[in-house]
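Read-outs throughout are calculated quantities, based only on the coordinates presented, and are distinct from any laboratory measurement. Since we're looking at a predicted model, the values are computed, not measured. Using ideal geometry, Cβ is built from the backbone for each residue, glycine included, and neighbour counts are taken over all protein chains shown.
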Amino acid sequence: MKKIVLSLVLLGALILSVKAGENFSYSQLLKEITTVEPIQAPDPALERSVMPTPADGRYWVTVKAADKYARTRLLEAGLDIVEINKDSVSGFAGPYTMGLLSSKAFVVQSRMTIPEYAARMGKDFPAADAAYHNFKETVDLLKQMAAANPDIASLFSIGKTVEGRDIWCLRINSSAKGEAVSSKPGALYIGNHHAREHLSNEVPLLLAAWLFDHKNDADIKKYISTLDIYIIPMLNPDGAENDIKTGSYRYYRKNMSMNSDKSRGVDLNRNYDSWWCQAGASTYPGSDTYCGPKAFSEPESQAVKRFTEARKNLKTHISYHSYASEILYPWGGSDDDIPNAKDRQAFINIGAAMGKLTGYRSYKSSEMYIATGDSCDWAYAAAGIFAFTFELEGNGFYPGAAILTNAVSKNIKAAVYLLSVTDNPYKVI
Ligand SMILES: [Zn+2]
């Protein structure tokens with residue numbers, strides 16, 4: 001999303017920092033975030049940004065829903081629930097879902113087209129969000145960080161996306177590099193399962209920069225030498241690039257798979273093999289909550305599966321999403337509590353501690369609605385990983401650059417807290 005001018009500024013800053021013998025640092029990135037606000041016109045990117053958001057057949061709707069079971073049924077009808085109110089929910093619905101919603105079983109309270117919704121939100125200006133990192137900028141930054149910290153960092157691809165982009169993973173470990181197996185307890189951070197949730201890329205990306213900045217602090221030094229830390233900021237780069245490629249946000253959620261009916265995309269966070277597609281997901285390919293033709297049908301979710309299964313040392317995990325200011329733990333796909341009482345208490349206590357650091361509410365995922373096939377249910381069920389879903393903050397999917405400093409810095413605190421319990425998550429009980 002960053003404009004060419006800003007890339008040049010960034011490059012200039014990088015050259016200066018290299019000259020000064022410094023690494024590409026978190027504090028430097030923050031400075032850029034807070035100084036990108038003034039945009040020099042005229043600029044073609046800026047002009048592109050005032051083009052209206054294209055209509056794509058979807059509506060932003062508000063539908064009556066009294067409880068989580070009603071919300072679950074709406075997900076199954078293909079409604080992409082974004083906001084939950086006391087007696088209703090709001091979200092995106094395509095033509096197929098709109099047809100289902102017109103039946104007597106549902107009450108649609110309001111609806112508007114995507115351009116109407118975008119105009120209401122007033123966030124239709126990607127040029128103003130230049131501080132966010134698109135795929136190329138993300139990869140460049142990861143490469144720079146890895147190159148600047150060869151003693152503790154390495155970078156490798158965990159697989160390719162539908163469109164052939166690499167899914168990059170930055171590893172921080174004082175001994176093992178690349179894909180070499182480690183017996184040190186592992187922590188895994190993943191962003192951007194969902195295309196339009198760009199803040200979920202920024203948090204893990206800047207977490208990496210922060211860790212390198214603070215690598216000589218006593219506690220961080222200890223984590224780097226005793227843990228195996230993995231950061232995958234952009235799991236769905238195809239979708240993220242699709243969301244911004246016209247210069248106007250598209251509110252795009254899924255990956256870029258071509259479906260059997262020629263519609264695009266599978267909801268990656270409904271595609272994992274945890275009660276796959278049994279509740280809170282849609283079998284209709286065009287819908288935003290489409291679970292895919294089978295569990296792990298998608299290269300992006302397959303990459304996470306392979307990555308996780310090859311690393312038995314993984315103990316903790318955060319999957320970043322936006323936006324609700326919430327921390328969620330299993331199960332998401334079942335009403336039940338997880339059966340292991342000790343694990344349950346560890347989830348509750350770790351979630352509460354991270355909630356304190358972020359101001360987010362921490363609770364069992366299925367209290368919101370039941371949604372099967374999500375990554376954290378799978379990571380816990382398949383590998384016993386203490387896996388949390390973070391719904392980051394904001395007033396929408398595109399909260400602007402001004403939110404970054406605060407949102408990122410408090411989430412770094414929570415991520416570092418997770419490192420502090422990764423050696424033994426049960427010590428919080
Ligand atoms: Zn999400």
The chain: relative contact order as a whole-number percent, Cα under 8 Å and 6+ apart: 18
If the elastic network links every pair of Cα atoms under 10 Å, which of D67, D261, D337 fluctuates the most in the Gaussian network model of the chain? D261
Apply the Karplus curve 6.51 cos²θ - 1.76 cosθ + 1.60, θ = phi - 60°, to the phi angles in segment 346-357 and return the couplings in whole Hz, x for Gly and Pro. 5, 4, 4, 6, 5, x, 5, 5, 6, x, 5, 6
About its Cα centre, segment 111-253 carries a charge dipole, from +1 on Lys and Arg Cβ atoms and -1 on Asp and Glu Cβ atoms, whose size in debye to the nearest 20 is 200
quick note, the chain, DSSP beta bridge pairs, % antiparallel (nearest 5) is 55
Past 21 Å, Cα to Cα: identify those pairs from K86/K254; K31/K160; K294/K342; K312/K364; K160/K254; K184/K312, in the order given. K86/K254; K31/K160; K294/K342; K312/K364
Indicate the gyration tensor shape class of the chain (rounded, prolate or oblate), computed on the Cα atoms with a ≥ b ≥ c the square roots of the eigenvalues: a/c under 1.5 is rounded; otherwise a/b larger than b/c is prolate and the rest oblate. oblate
With T316 itself left out, Lys, Arg at +1 and Asp, Glu at -1 over residues whose Cβ is under 13 Å from its Cβ give +1
Are there cysteines in the chain with no second cysteine's Cβ under 4.7 Å away, and if so, which? C169, C376
Quick calc of log₁₀ I(q)/I(0), segment 202-304, Debye, one scatterer on every Cα, no solvent, q values 0.11, 0.15, 0.16 1/Å, result -0.48, -0.73, -0.78
Give the residue from P95, N85, I114 lying farthest towards the positive end of the charge dipole for segment 59-123; charges sit on Cβ (+1 for Lys and Arg, -1 for Asp and Glu) and the dipole is referred to the Cα centre. N85
Is there a quick way to get the dipole size of the chain? I mean about its Cα centre, with the Cβ of Lys and Arg at +1 and of Asp and Glu at -1; what is the value in debye to the nearest 20? 320
The chain - mean residue ellipticity at 222 nm from DSSP helices (-39,500 (n - 2.57) per run, n ≥ 4, rounded to 500): -11500 deg cm²/dmol
Taking the dipole of segment 204-287 about the Cα centre (Lys, Arg +1; Asp, Glu -1; charges at Cβ), the one of S274, F212, S263 that reaches farthest to the positive side is S263
Of Y59, N313, G355, whose Cα points farthest to the positive end of the dipole of the chain (charges on the beta-carbon: +1 Lys, Arg; -1 Asp, Glu; origin at the Cα centre)? N313
Principal axis dimensions, largest first and in whole angstrom, of segment 59-123 by Cα: 32, 24, 16
Charges at C-beta only: +1 for Lys and Arg, -1 for Asp and Glu. How large is the resulting dipole of segment 59-123 about its Cα centre, in Debye rounded to 20? 100
